[in-house]
Amino acid sequence: MNAPFPPDQTQRELRGEASLSAQWSAMLDAGAAVAMLAGVAAEKPCTAERGFVAAIRDAGGWRLELARDGMADLRAMLQPGLSALLAVKARGNDASGAALTLWEEYRAARDALLALAPEAGIMGPRRSA
């Protein structure tokens with residue numbers, strides 16, 4: 001008889017990485033929306049942004065925990081901020097000044113998160129199957 005095994009650590013980590021990837025992607029999209037409302041050109045995602053989740057997962061430990069906390073803080077700032085900007089815009093008012101302030105705060109928080117990931121070589125972050 002085969003009894004189902006509880007999910008092992010690897011499966012839990014993969015689900016956690018998928019969740020982290022989805023959160024990171026959503027934050028990058030929200031940042032682009034804030035840039036649009038601020039009237040600035042959204043930055044094209046750089047290599048560090050595209051490989052952030054893999055790099056921070058590979059680093060693990062305190063870096064991963066700090067990244068998760070930082071992403072939660074960034075999400076807590078972006079969700080109500082973007083909602084408020086969209087509400088102001090929907091009423092026909094100019095939200096560009098507030099959007100520019102939120103954009104600057106977003107960039108500072110994003111850059112701080114990116115600084116947590118160790119430098120990758122020219123081949124990008126280490127990948128394993």
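Do we find that residue 125 is open to solvent by less than 50 Å² (accessible area, probe 1.4 Å) and at pLDDT below 95 in this structure?
Yes, satisfied.
With the structure loaded, tell me whether residue 94 is in a helix (DSSP H, G or I) and of a type in the set (Asp, Glu) or whether it fails that test.
Taking the combined requirement at face value, the residue does not satisfy it.
Looking at the stretch 103-112, is at least one residue charged (D, E, K, R), open to solvent by 30 Å² or more (accessible area, probe 1.4 Å), free of Cβ contacts under 8 Å to residues at least 24 places away in the same chain and assigned to a helix (DSSP H, G or I)?
yes
Results for (1) within 13 Å of the chain's Cα centre (by Cα); (2) among the small types (Gly, Ala, Ser); (3) at pLDDT 95 or above, shown as yes or no for each residue.
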{"position": "19", "(1), (2), (3)": "yes, yes, no"}
{"position": "44", "(1), (2), (3)": "no, no, no"}
{"position": "96", "(1), (2), (3)": "no, yes, no"}
{"position": "104", "(1), (2), (3)": "no, no, yes"}
{"position": "108", "(1), (2), (3)": "yes, yes, yes"}
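Residues of the stretch 27-67 being in contact with a Lys or Arg (Cβ under 9 Å, 6 or more places away or on another chain) and open to solvent by 70 Å² or more (accessible area, probe 1.4 Å), which ones?
43
Out of 34, 40, 88, which single residue is outside any helix (DSSP H, G or I) and either at pLDDT below 90 or over 25 Å from residue 119 (Cβ atoms) (or both)?
Exactly one of 34, 40, 88 is outside any helix (DSSP H, G or I) and either at pLDDT below 90 or over 25 Å from residue 119 (Cβ atoms) (or both), namely 40.
The values are calculated or read from the model by the stated rules, or taken from the named source; none is laboratory data. Everything numeric in this text was worked out from a predicted model, so none of it was measured. Cβ atoms come from the backbone with ideal geometry, glycine included; neighbour counts cover every protein chain shown. Only protein heavy atoms, including side chains, enter the accessible area calculation; ligands, DNA and RNA are left aside. Shrake-Rupley method; radii C 1.70, N 1.55, O 1.52, S 1.80 Å.
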